[in-house]
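Structure first, commentary second.
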Amino acid sequence: MENMKEIDFLGQPSVARLRKEIVNICNSYSHPWDILAELCQNSVDAILLYNQRFGDMHKKDHYIEIHINSRERSIYIKDTGIGFSLEKFAELLAPNGTDKDVIPNLIGEKGVGLTYTIFISNEYIINTKSVNAYIKGRIKNASLWKNGKINDLPCFEVITWKEDNFNPEETYTEISIKDVEKIYPDEEDIFYQTVDILVYLLRTKTAIGWLKGIFESRNLDVKVKLKFSDINGKEFSAEVPTKYMLPQEFVSNTVELGKFKSEAASLDDRQKAKKLQGKAIVKQGSEMRSGRKINFYAFFAPSRNLWKDISEKNKLFININGEKKYLYQGGIYVGIKGMPTGVVIEPPVTGYAGYWPNFYIILEDDSITMDVGRKSIPGRTKGILKEIAKNIFQEFIPFIKYTTVDPAVTAGTLATIQQYEKHKEFENLRKLPDIGIDKINYLKHPDGQEAGVVALFHELVVSGLLKGYYTLKMGYKQTYDLWGIYRIKKEYVDNNFHHLANEYGIIETPIIIEFKYRAEDILDDFEKNIKYFTDIDLIVCWDLDETKFTKQGVKVEPLTKKDVFFYGSNYKLIWPGAYNLGTASEKPVLALRKFIQDYVTNQ
């Protein structure tokens, strides 16, 4: 006789499942500015919601105050919005908890932003007053729990809880986040930026850069003040305009395309050039697609150097390996419900493709449903947006030759597009830092490709700069990248390993090598059981990010001379036993960037 019973598979999740869900939410965010974007979005939504419910009866001067402290890795934000709902307070703190999905015109909808800001830090303090409650409390060690460092579930510790009827004009929310995780390298980490770059990020990547003011003249009547204490303790403050940082702010000579087209019919080429030469062309408007309105703003720069000039003059650049990376760039940017998303879509295939870098286009589509973390948009929607961008591009083309001070791009065939792309790729490659070793033919730093690491490794081996590595077999279809023999004279390793040598003074052992551009990418292979920890003898990479390993509980230590068995290896990774990779162990790493730097320095 069969036993029938119901299984509640949708009930209360286990701790392990809850942790995994939160880890997935946090990992879905991939931009250094995401924490600012989520905090600002919640503040703007709170003010918009206040105006919807109480604006007619209880008007007030709204403001958002933001403090960023680099030394403490802390962010404080206060808004004069509606405050947290008493009835849904606990639900709003939980993953996927939101009350915005049924309220029109609000930006947030998925209920994961608050979860992300809580679990990316180890102290989260909220102080909020709504019309029916004043609540103050904190959540501690959320990041440590998420990363498996502690077992106690984070909870909201109540400091003050008062239920009463409050005047809507008194509502506000303060959030203070401390000990924010370090995920990104210094040059990208928001706590290592300047106040100028932080203002740029707020105005181009967060809801502070309010797009509705461009397209619908719906201004965000909010004063925003930023206070910033940099890594050296120096303090700055700035008033941040609540409007998107359009390129027109930096250009005095612009021509509106529609107006010029109406005049152009009566002008000859010389007259057109006189009116347009060296000036930017702009157009904004909207198109209806699939029953929805898509707003657009388009700006054509007379020279691609304009983006560099804007970045230089406004200190909007970061230094990576001695090279300046300019932040203000042309592109096709996507917005939704007044908020810039940070998503950039690639240009469509067109003739005269060499002019695409001159364009700065913003497309706002309020119907977009983005993925968690706002990394991408659905393919069909992307196709519609690219089609609109293409139409804009083609409308500008007849007039570009009169304005541009860049070399003309006259061909319109696919072959010419490919030639341009090839030329552009060579230009980018030439900008890469030099390896600087005459004994090898590999000239530049690898540009993010694992294949570049493999090629550079073999060139160093063939040149004799890396000793002892002999290849038996390698290829993409194998589980591991290289199967070979490590054969080294004992004088090239420390005395600690001399007992391994044969009577001829040679140490020989089979070796399995795994190649990665960044060593931390191996973590994903181990988690998915694609690779097995105990099988790999040496990880060869271009570089590694210690913070990414630390986040997973893996220590990174430089190798001392007495620890070096594999020639050239310079780091060791130390896994805890709890990492489910077998017993606690170490794995050597050969980081080629450091190997080359040390070699060049000692020459």
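Miscellaneous remarks
- E508 being modelled with pLDDT of 80 or more, under 30 Å from N147 (Cα atoms), outside the structural domain of K146 (by TED's automatic domain parsing) and not in a helix (DSSP H, G or I): no
- In the range 62-83, the residues that are closer than 12 Å to I190 by Cα form Cβ pairs under 8 Å with partners that are among the acidic types (D, E), at six or more places apart or across chains, as follows: S70/D230; R73/D179; S74/D179.
- Filtering D268, D164, D221 for residues that are modelled with pLDDT under 95 and not assigned by TED's automatic domain parsing to the domain that holds Y76 leaves a single hit, D268.
- The range 248-270, subset free of Cβ contacts under 8 Å to residues at least 40 places away in the same chain and of a type in the set (G, A, S), residue farthest from P398 (Cα to Cα): S252
- Meets criteria (touching a strand residue (DSSP E or B) at 6+ places or on another chain (Cβ under 8 Å) and charged (D, E, K, R)) for D545: yes
- If you go through the range 141-191 and pick out every residue that is touching a residue at least 24 places away in the same chain (Cβ under 8 Å) and part of a helix (DSSP H, G or I), you end up with 9.
- When residues in the range 455-471 are screened for being under 25 Å from G322 (Cα atoms) and either buried (at least 19 other Cβ atoms within 10 Å of the Cβ) or touching a Gly at 6+ places or on another chain (Cβ under 7 Å) (or both), 3 of them pass.
- Sole residue being at pLDDT below 75 and out of contact with any helix residue (DSSP H, G or I) (no Cβ under 7 Å at 6 or more places or on another chain), chosen from K439, K424, K431, K390: K424
- Just one of the numbered conditions (1) part of a helix (DSSP H, G or I); (2) modelled with pLDDT under 90 is not true of I310: (2).
- With respect to being within 15 Å of the chain's Cα centre (by Cα), among the basic types (K, R) and either modelled with pLDDT under 95 or farther than 21 Å from L246 by Cβ (or both), K182 fits the description.
The values are calculated or read from the model by the stated rules, or taken from the named source; none is laboratory data. Note that this is a predicted model, so its numbers are computed, not measured. FYI the Cβ positions are ideal-geometry reconstructions off the backbone, even for glycines, and counts take in every protein chain you see.
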